[in-house]
Every structure is written in structure tokens, then in C-alpha cells.
Amino acid sequence: MRPTPALTSAAASALVVGVLAAAPPAPAQAPPAASTQTAQAAERPTAKIPTAVGTGGAVSTVDPEASAAALKVLKRGGNAADAAVAAAATLGVTEPYSAGLGGGGYFVFYDAESGKVSTIDGRETAPKKMPSDAFIDPATGKPYNFTPELVTSGVSVGTPGTPATWERALRKYGTLSLADALKPAIKVATRGFKVDETFRQQTLDNEERFRAFKATKKLFLPKGDAPAVGSIFTNPDLADTYTDLAARGMKAFYRGKLAKLMVDIVRDPRTTKSTDLPVPRGYLSRSDLRDYKVLGQAPTKISYRGYDVYGMAPSSSGGSTVGEALNILERTDFTGKAPEQVLHHYLEAGALAFADRAKYLGDPRFVDVPLPTLLSDKFAAERACSLDPAKAAVKPVAAGDAAAYDGVCPAPAAGGTTDADTENISTTNLTVADKWGNVVEYTLTIEQTGGSGMVVPRHGFILNNELTDFSTVFDPADPNRIQPGKRPRSSMSPTIVLKDGKPFLALGSPGGSTIITTVLQMLVNRIDLGMSIEQAIAAPRSSPRNTASVTSEPEFITAYGAALTALGHKLVPAGDAFTSAAQIGAATAIEFGPGGQLTAVSEPVRRGGGAARVVDPK
Ligand code: GLU
């Protein structure tokens, strides 16, 4: 079950030392069992525990309340799908700016009995009446600005898929009723949770647009200010909404009064008198909500150095882009290679795969996505031809030709174009395993932090602005162009890795298009660089997305900047040193060891750290 590090052990430990020195604080060791249990027993779980080792089931989320909810479900005999829905619903309370009823996501399930991986595509969907020029301001004939017009708008609200995802996940994989799965979240929404720095800061970051909507202002800026750190935040409206859905099922979300209310505010956003934010109207209709369907679909699958890597198929670009990059990397034997060489290959493979993502990826119900080609070794062999071990290619690199490839190196192609990247940094991810061996990897979102900014009055949740993930400039040749009823291309990359048919690792992250590189880099860290899973998640990140310069965490630049710059890479720091934007991703993962041992890991530092738990601590 354990990977064979491709590095010599001396090289691996040198790298790990480098990583630990470069990463903010060192990755925490597994905490003593006693402290884990004390945290679990607390009425309001607040302990951020990055690593938990044990057996009998495990969970990792960004939030102690959500992890406690999942753990409770697991302890009471629920399975991984039950616990994942309980955790996700709780994240709707404690991480309302990242996920909730008003959003969408992708749910990946490993079924221990059959040994099969299957997925649910719960992506938000464009209204049937959304015109191709929806992002053009009818008043001026010119494109809306991305900020503030598009992000804070009705026009970017897609039909939410999260409620239907929870219902489908419970019916297809779970054992609990919706009512039971929502119970922990209702409790947290009612009794409240402790506000932390991240919650307050995210509220402040959104202050101007939250003030623009009556319902949002009332909920998230009570007494005119963002909730204070340490105060208790309750959301009785959301508790009532969950209670109603628990009693009547998710049809009460997609039909009836709540559906009508959502349609009304999307079509005519209820702004406050004092705001001068322009808030374009949207196209959502009651029939969009009534007809929304999640899609059950096969995962993407590639093999990488003896592991089988399963990911999310389009409408997400996650599975294909991570898969293609791994296939390109697999062309090189990293035995004895210095970490910088491995990272050079990682940066180049990421750029090549992103070039193909831009050219080919969109909702396959609307555009022809050459998925088998993108995931094939032969295509990767051709793509890898342009990867020079001694020199970084000039970015952006050109896409490959998926229509004509034979695994033989083509003549070097002229430079490519960079895909305009408007994906925002938000979203949340969770990983759950149960005692039967089932595994869930689930990434869910409302798009950017704070979504559209619009709280549904009296219901306590925010509507997404996911349709900003469509290309903002309409080009009929672009696979991600706006089309009515289409799902915008996502980067969410919930990933499950099997070894000999059994789970080895499950992982995922938020972070817009950086999700893909975070997942890819963690896999390279773990499988190629011989890091432990704690080290692989803590290690500083760099996000190669086929742009002239590569956004990287400052610690990555400190550790590897000199060597990679010498190879021709241009690394630029993400954000600045004083904001969380300097961090890339907020991953969670579980690794499966011998004898049923589970190592659940979350971020030790990024976004304030996460919460890993196991049912029976070691
Ligand atoms: N909208 C993004 C996507 O679907 C996710 C947003 C984020 O992670 O910040 O890929």
C-alpha cells in the first residue's frame, strides 16, 4: 500500500527538511489522543487539529464543527456518505461564504463492497433563458465589469445543485434519511458557533457588497459590523430552512415558495437604498429549479506509477487536467532526481495540461470534449515531447492536437494563448472514510467567497455566482462559452487514489483553478518526492497554469526560487504576505495504511488550519 519513493532516502529527507524550514510553521504531529477526545467532547468544537491517526473511520474538513458532525454520524453507525452530507450541511452553517444550499459541487464515492468509484455532478447550471450575450450590459452594449457587476449579480446565479447532491448521495450511497443527516447542522445553526479570524475577515472582505442587500446585511453584519472574533454566531433562518427540508425533502427547495423567492431575488435583486453598487438582473426561472438534475457519471481514471487515480469528469476540468499532467510526468523516471528537477517537471506538465484544458474543456452535453484522448498515455507521450529537462518552455505553451496524434513527437508548435482566468478563490473540500472502507471526496462551492452576496431572505443562505466560471467574452469556438442550460467549466478536483483496487489516498482542495495544481502537487509530493501525507499537504505550493509567471507561495519561492529561476521559470508570490491570498488552497486528505490505519490530514496553517478526526484514535 505504501508508495515507493522515487528519491533516494537522503534526497527525500533533504527535501523534507527544506519543506519544513520553508513552510510557515512545521506540520503538526499527530496530537495526543487525549486532546483529540477533549476537543470532541466540547459543546462547541473549536480545536483545529491538522492530523489524526487511528481506525474505525475518519474525517477531514476545514472546520471543527463540520468534522465533529461527521464524526458523530460515523460513531453512530452512519457510513461515509451519511457523514459527508452531515459535514457539508454543517459547513453551510459555519462556512456560509464558501458553500451551502445555494451552490453546487462534485461528490466522488468509493464503494468498498464493489470496489467501484462513482461520482455525482451537482454543478450549478445556466438558466434555460440565459442568452449568449448575458454578460453584456444592455444599457451600454459593453461587457459588464467582472468586479463589481458580474460577481455581485443575479446574472451569475446558476441553478443550485447542492441540495439535489445531498439527496442523491444519501439515496444512492447512504443509510440515513435527509432529516437525520441534517440534524447536526440544525443544531449548530441553532446554538451557534464561535466566530474565528477567518470568518470575520471574510465578512470584512465582503462588507461593501453585503451591505448592498437587506437580507445579507441583516444576517452577516448584525449591528452594522462583521461578527467579532470569539462571539457566537447563530443562523436561526438556516436552521428553519434545514428543518423544513428535513421534513419535506429537497423538492421543497426546487419547487414552491422557496423556489419562487429565489427566482424573485435573482430577477430583481433586493438592494438597500444606500448602495450604489450596480447589480445586474438574472434569468433564473421556476422551471430551471424544477427541472434541475444532478448527473451520475463515470469518474476519470488514469494509472500513475502503479496507482489508479480517479477524478471528476467534465463539467469539471479537474479529473482530465490532473490526469493528463500525471500522464506527462510519468514519462520521466524521477529516480535519483533532485527535488528541483521533479518540481521543474511539475511546473511544465501543469502548463501543458492547462493549455489543453483551455482548448478542449467544457460541459460535454454541449461541446465535444475529447476526454479519452486527453487521458491517454499516447497523447501524453506527444505532449511530453516539448518538456525540456534543462529549460522551462516559454509560456503560454500551445495546446496539443487531440484530433491527430500518434505518440510521435510533433514539430514544435507556435506559442499558445492564456485562458482568461476569472475563477475565484473560495469553496470548501472534505474527505470521509468509514469503518467498512467506503470513501467520500467532496468539493462544494458557491464560487467566490461570499458567492453572489445575496442571502435568500428569511432562509439564511447565500446564492452562488458560479456562472462567472463561464468565459466572460463570448467566442463561438470556446468550449466554455455561455449556453443556456449548460454547466460552466469547473476546476474542482475531488480525487480518490487506489492501489491494487483498495483506497490509498483521497484528497481535494478549494482554490478556483489552483485546485488542480494543489491536488497535482500533493500527489507529486506524496508519490514522487517521498513525503508523508502531512508533509505533502503542508509543503509550500506553486500553481503552474500556463501563464508567463507562476503564482507561488512565498515559502515556495524561498525554497526553490533560485534553482527554478535558473531553469527559466518566473515565479511570482501569490497575494501579499499579510493576507490569506498569499496561500494557495485549503486541502483535506485521508491516507489508508496497513491494518485499517487511517491518517486524516488538514491544513496546519492555511485559512486558519483545518480539523482532522478519527473514530478510534491510535
Ligand atoms: N468556481 C470554482 C470551480 O468550480 C471553485 C471556486 C473556488 O474554488 O474558489 O472550480
* Which condition breaks for residue 475 when tested against (1) touching a residue at least 24 places away in the same chain (Cβ under 8 Å); (2) within 22 Å of residue 354 (Cα to Cα)? -> (1)
* Considering every residue within the range 276-283, establish whether at least one is part of a helix (DSSP H, G or I), open to solvent by 60 Å² or more (accessible area, probe 1.4 Å) and either within 16 Å of the ligand (Cβ to nearest atom) or farther than 30 Å from residue 383 by Cα (or both). => no
* To do: Determine whether the range 147-157 contains at least one residue that is free of Cβ contacts under 8 Å to residues at least 40 places away in the same chain, over 22 Å from residue 437 (Cβ atoms) and surrounded by fewer than 15 Cβ atoms within 10 Å (Cβ to Cβ).
  => yes
* What pairs come up if the first residue lies in the range 167-190 and is assigned to a helix (DSSP H, G or I), the second is among the acidic types (Asp, Glu), and their beta carbons are under 8 Å apart, counting only those six or more places apart or on different chains? -> 170/82; 178/167; 180/82; 181/82; 188/65
* Asked: When only residues in the range 439-470 that are in contact with a Pro (Cβ under 9 Å, 6 or more places away or on another chain) and among the polar types (S, T, N, Q) count, which is nearest to residue 516 (Cα to Cα)?
  -> 443
* Under 7 Å by Cβ, and 6 or more places apart or on different chains, what pairs join a residue from the range 431-454 that is closer than 11 Å to residue 59 by Cα with one that is within 12 Å of the ligand (Cβ to nearest atom) and open to solvent by less than 10 Å² (accessible area, probe 1.4 Å)? -> 431/508; 441/494; 441/508
* Hey, among 468, 472, which residue is outside any loop (DSSP other than H, G, I, E, B) and either closer than 17 Å to residue 151 by Cα or away from the ligand (no atom under 16 Å from the Cβ) (or both)? -> 468
* Structure fact -> Checked against (1) within 16 Å of the ligand (Cβ to nearest atom); (2) in contact with a strand residue (DSSP E or B) (Cβ under 9 Å, 6 or more places away or on another chain); (3) open to solvent by 10 Å² or more (accessible area, probe 1.4 Å); (4) not acidic (Asp, Glu), residue 450 satisfies every condition except (3)
* Scope the range 333-351; condition in a helix (DSSP H, G or I) and either modelled with pLDDT under 95 or more than 21 Å from the chain's Cα centre (by Cα) (or both); matching residues -> 339, 340, 341, 342, 343, 344, 345, 348
* Structure fact -> Expected single match for among the hydroxyl-bearing types (Ser, Thr, Tyr) and touching a helix residue (DSSP H, G or I) at 6+ places or on another chain (Cβ under 8 Å) among 98, 132, 114 is 98
* Tell me which residues, restricted to the range 227-243, are open to solvent by less than 40 Å² (accessible area, probe 1.4 Å) and assigned to a helix (DSSP H, G or I). => 238, 239, 241, 242
* Structure fact -> Log entry, pairs with first residue in the range 254-273 being closer than 15 Å to residue 462 by Cα and open to solvent by 20 Å² or more (accessible area, probe 1.4 Å), second being part of a helix (DSSP H, G or I) and basic (Lys, Arg), beta carbons closer than 6 Å, six or more apart or on different chains, reads 270/214
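Do we have residue 411 as without any contact (Cβ under 8 Å) to a residue 12 or more places away in the chain, in a loop (DSSP other than H, G, I, E, B) and more than 16 Å from the ligand (Cβ to nearest atom) here? Working first, answer last.
Working: without any contact (Cβ under 8 Å) to a residue 12 or more places away in the chain: yes; in a loop (DSSP other than H, G, I, E, B): yes; more than 16 Å from the ligand (Cβ to nearest atom): yes.
Yes, satisfied.
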* Among the residues of the range 326-358, write down those that are within 16 Å of residue 303 (Cα to Cα) and surrounded by fewer than 24 Cβ atoms within 10 Å (Cβ to Cβ). => 330, 331, 332, 333
* Structure fact -> Of all helices (runs of 4 or more DSSP H) fully inside the range 488-582, the set with 3 or more residues that are over 16 Å from the mean Cα position of the chain (by Cα), away from the ligand (no atom under 16 Å from the Cβ) and surrounded by 22 or more Cβ atoms within 10 Å (Cβ to Cβ) is 533-538, 554-566
* Of the residues that make up the range 55-62, is at least one crowded, with 24+ Cβ neighbours inside 10 Å, within 30 Å of residue 286 (Cα to Cα), within 16 Å of the ligand (Cβ to nearest atom) and at pLDDT 95 or above? -> no
* State whether the residues of the range 127-145 include one that is within 16 Å of the ligand (Cβ to nearest atom) and either without any contact (Cβ under 8 Å) to a residue 40 or more places away in the chain or within 30 Å of residue 590 (Cα to Cα) (or both). => no
* Asked: Quick check, is residue 95 under 20 Å from residue 441 (Cα atoms), more than 16 Å from the ligand (Cβ to nearest atom) and open to solvent by 10 Å² or more (accessible area, probe 1.4 Å)?
  -> no
* the range 305-331 - residue that is in a helix (DSSP H, G or I) and polar (S, T, N, Q) and, of those, farthest from the ligand (Cβ to nearest atom) -> 327
* To do: Kindly check whether there is at least one residue in the range 419-434 that is assigned to a loop (DSSP other than H, G, I, E, B), polar (S, T, N, Q), open to solvent by 30 Å² or more (accessible area, probe 1.4 Å) and more than 16 Å from the ligand (Cβ to nearest atom).
  => no
* Structure fact -> Within the range 602-618, residues more than 23 Å from residue 592 (Cβ to Cβ) and charged (D, E, K, R) come out as 606, 607
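The values are calculated or read from the model by the stated rules, or taken from the named source; none is laboratory data. Treat the numbers as computed from the prediction; the structure is a model and nothing was measured. Please note: Cβ atoms are built from the backbone with ideal geometry, for glycine as well, and neighbour counts cover all protein chains shown. Heads up: the accessible areas ignore ligands, DNA and RNA and are worked out on the full protein's heavy atoms, side chains in. Shrake-Rupley method; radii C 1.70, N 1.55, O 1.52, S 1.80 Å.
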